[in-house]
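Data first, discussion second: the structure below is written as structure tokens.
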Amino acid sequence: PPVLPDPDWSLLIAKQPSGDEMGDIEHWKTCCLNLEEALQYAKHQLATHEQINAGQNAQIIIQDLTLQKLNETLNTGDKKETDQVKLYLKGNRHHMTEQWFIDELKEDHAKCAEEVEVRKQRKAAREVRCGKGVELVTQWNEIKEKHTAAVRDWQVECERLNGEGVQKKDWPKKPKWPLK
């Protein structure tokens, strides 16, 4: 940017003209011209500073808007998508009272309700599967208890046969572990 000349501020200090210069018109004309020139320079500087301030204020406003948008974008990750966020058919600038918009909104609500219903069905199916799993676990525990009881009975029988002196090859076989 070009450098603006500074006004001659020394003109503001009143000089006492000598006796000859007091009545000299040329002296007063030059003083007036010098004052006008200094006033023009001051006016240009003031206008330039006003423009610089306006530019800086505009830049601050733009930065503030940008930061607001960034904060909004940053903080929208936690929120779920709602009807206000969705852009319908090629974006915005549509009247929300138009019939096609209302129809599309109803379709979206129906779709959301359908998704909720599907989730409920999946949850119910999962609970049924877990319920079957509980039944299977209880059945398996009963089978294991029966097996441990059969093994205890077998051990008691083996000890009795050992006391009677029966050979091991004639003892009953150990109960087999049941398959799942």
Here the residues within the stretch 1-29 that are open to solvent by less than 70 Å² (accessible area, probe 1.4 Å) and either modelled with pLDDT of 85 or more or not in a helix (DSSP H, G or I) (or both) are L4, P5, P7, P17, S18, G23, D24
Run down K144, K169 and say which single residue is surrounded by fewer than 10 Cβ atoms within 10 Å (Cβ to Cβ), modelled with pLDDT of 80 or more and of a type outside the set (G, A, S). K169
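The values are calculated or read from the model by the stated rules, or taken from the named source; none is laboratory data. Predicted model only: the values in this text are computed from it and were never measured. Positions of Cβ are backbone-derived with ideal geometry, glycine not excepted, and every protein chain shown enters the neighbour counts. What goes into the accessible areas is simple: the full protein's heavy atoms, side chains included, and nothing from ligands, DNA or RNA. Shrake-Rupley method; radii C 1.70, N 1.55, O 1.52, S 1.80 Å.
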